[in-house]
Amino acid sequence: MGSLWHGFADMGAVERDGAFEVARGEGAYIWDTAGARYIDATAGLWFTNVGHGRREIADAVAAQLSTLAHYSNFGDITAPVTQELAQRLSAIAPVPGSKIMFTSGGSDSVDTAAKLARRYWHEMGKPGKTLIVGRRLAYHGMHFAGTALGGLAPNREGYGELVADARTVEWDDPRALSKLVDEVGADRIAAFFCEPIIGAGGVYPPPADYLTEVRNICRENDILFVADEVVTGFGRIGGSWFASTRFGLEPDLMTTAKGLTSGYVPMGAVFAAPRVAEPFFSGGVWFRHGYTYGGHAGAAAAAMANLDIVERENLLDASKNLESLLHEHLSPLAGHPRVAEVRSGLGAVAAVQLADPSEGPAMVKAMRAQGVSGRAAGQGALQISPSFVITEQQVIDLAAAIERALG
Ligand SMILES: Cc1ncc(COP(=O)(O)O)c(C=O)c1O
């Protein structure tokens, strides 16, 4: 009997079957404690963008921790490396001049954005704009706001009312958002939260023009558009740092984490466009919000080293290249009788959708037996989101292993 309570787990099954203990990683591979090697199909939980085993990040963190681990980011206090990182993020932000508030992860970022959206309208003299809107199938983390915004019903069951004034609309039809605006009035809606590609809900790329249309609805009705780029940010969508840049979304707020440090150290960041930051930067008004570890100096050092690697090794191009490689090598799996469809072709993400979602856990185990560490997201969607350093041969091996596991 172990003492560890895993996240998102049937602990009875873990007690019965034991845990899958991962001991080390190198590039696109991981090894378990028995020494068996696996292709890491998911880059951990969508985050190891630069691959495992990067000494350079570990060294940067060690150097920072032995100089100053962290102090505070409240009031006027910060550390030079944190300032430097904020400057760097602002320079690559989809909206130039964005201000950066650091968090400890994606759920923190979403909670921060939800509160900031409401606070912004309060400052703008519209305190009635408190409704936050998410989409069916969406995943926005597991704090109260993110759970309330999420569109995966089982994640919301059994907690009573999570957050007052939170609503969910259909994920793929802009008219669902317009309808809500007509129903409740734009003067009630603070923000619309949108993953450019639905990730944990099962990897669903947006229908053509969906993002542009919901962006326009938000603009026309003075609703803040929040791009949740916790998964898609920092290159996962390929060719640019953010999906928002690739799709021209100009988000009012953008939530990030994961790829910021490639998960070497926990860290997240909220990007606030100048319009949203302005009332809080012009003097006299505080956003009474912040986290002890926001802007943690060691985490900021990890992020700087991680971004250096992405730039030096042209990993945004590598990720763009993976968009077609994953599509080419995974889409033939759609012909397998156990597979309903393969969703691929946008960004370094794909899903092999099982015809019978209940086969997800068994398939994950069958994949392990074939040398692939994977996961079933959404409803039986085998998540494929490798690190950007995976080679074409490893993608071919990955597809072949999944095919054998399906057989
Ligand atoms: C889109 C999105 N938002 C928020 C989160 C929550 O991030 P975290 O688990 O770091 O709190 C996730 C995590 O997968 C996510 O995919």
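The values are calculated or read from the model by the stated rules, or taken from the named source; none is laboratory data. Quick caveat: nothing in here was measured; it's all calculated off a predicted structure. So basically every Cβ, Gly included, is an ideal-geometry build from the backbone, and we count neighbours across all protein chains shown. Just the protein is used for accessible areas: all its heavy atoms, side chains included, with ligands, DNA and RNA removed. Shrake-Rupley method; radii C 1.70, N 1.55, O 1.52, S 1.80 Å.
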(message) Could you give each residue of region 250-264 its phi-based ³J(HN,Hα) in whole Hz, using Karplus coefficients 6.51, -1.76, 1.60 with θ = phi - 60°, and x for Gly or Pro?
(response) 6, x, 6, 9, 9, 9, 9, 5, 5, x, 4, 10, 6, x, 5
(message) Compute the helix-to-body angle for 315-330: its Cα long axis versus the longest principal axis of the chain, expressed 0 to 90° and rounded to tens.
(response) 50 degrees
(message) I want the antiparallel fraction of DSSP beta bridges within region 57-312, as a percent rounded to 5.
(response) 40 percent
(message) Given the DSSP H assignment, sum -39500 (n - 2.57) over each helix run of at least 4 residues in the chain and divide by its residue total; what's the result at 222 nm in deg cm²/dmol, nearest 500?
(response) -11500 deg cm²/dmol
(message) Taking every pair of distinct Cα atoms and averaging 1/r, then inverting, what Kirkwood hydrodynamic radius in Å comes out for region 57-312?
(response) 18.4 Å
(request) Could you state the angle between the C-alpha long axis of helix 210-220 and the longest principal axis of the C-alpha atoms of the chain, as a value from 0 to 90 degrees rounded to the nearest 10? (result) 10 degrees
(message) Distance between the C-alpha centers of region 253-274 and region 137-152? Whole Å please.
(response) 17 Å
(request) Please identify, among 293, 120, 71, the residue showing maximal mean-square fluctuation in a Gaussian network model of the chain using a 10 angstrom Cα cutoff. (result) 71
(message) Let me understand region 100-222 better: what is its radius of gyration from the alpha carbons, and its Dmax, in angstrom?
(response) 13.9, 39
(request) Taking the Cβ of residue 264 as the centre, find all other residues whose Cβ is under 13 Å away and add up their charges (Lys, Arg: +1; Asp, Glu: -1). (result) 0
(request) Select from 74, 327, 133 the residue farthest towards the positive end of the dipole of the chain; place +1 on Cβ of Lys and Arg, -1 on Cβ of Asp and Glu, and compute about the Cα centre. (result) 74
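Explain nothing, just the number: dipole magnitude of the chain about its Cα centre with +1 on each Lys and Arg Cβ and -1 on each Asp and Glu Cβ, in debye rounded to the nearest 20.
Numbers: 34 positive and 45 negative charges, 82 e Å.
Result for the chain is approximately 400 debye, rounded to the nearest 20.
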(message) If you average the alpha carbon positions of region 1-17 and of region 87-112, how far apart do those two centres end up, in angstrom?
(response) 34 Å
(message) Can you give me the % of accessible surface on the chain that is carbon or sulfur? Probe 1.4 Å, all protein chains present, nothing else counted.
(response) 53 percent
(message) What does the charge count around residue 212 come to, taking other residues whose C-beta lies under 15 Å from its C-beta (Lys +1, Arg +1, Asp -1, Glu -1)?
(response) -2
(request) Compute the acute angle (0 to 90°) between the alpha-carbon long axis of helix 360-369 and the principal axis of greatest extent of the alpha-carbon atoms of the chain; round to the nearest 10°. (result) 50 degrees
(request) Putting +1 on Lys and Arg Cβ atoms and -1 on Asp and Glu Cβ atoms, find which of 29, 145, 307 reaches farthest to the positive end of the dipole of the chain. (result) 145
(message) Looking at the chain as a GNM with Cα springs under 10 Å, which of 240, 331, 66 has the largest mean-square fluctuation?
(response) 66
(request) Name the residue, out of 140, 327, 289, whose mean-square fluctuation peaks in a Gaussian network model built on the chain with Cα pairs under 10 Å. (result) 289
(request) Please work out the C-alpha center-to-center distance from region 357-374 to region 177-219 and express it in whole Å. (result) 33 Å
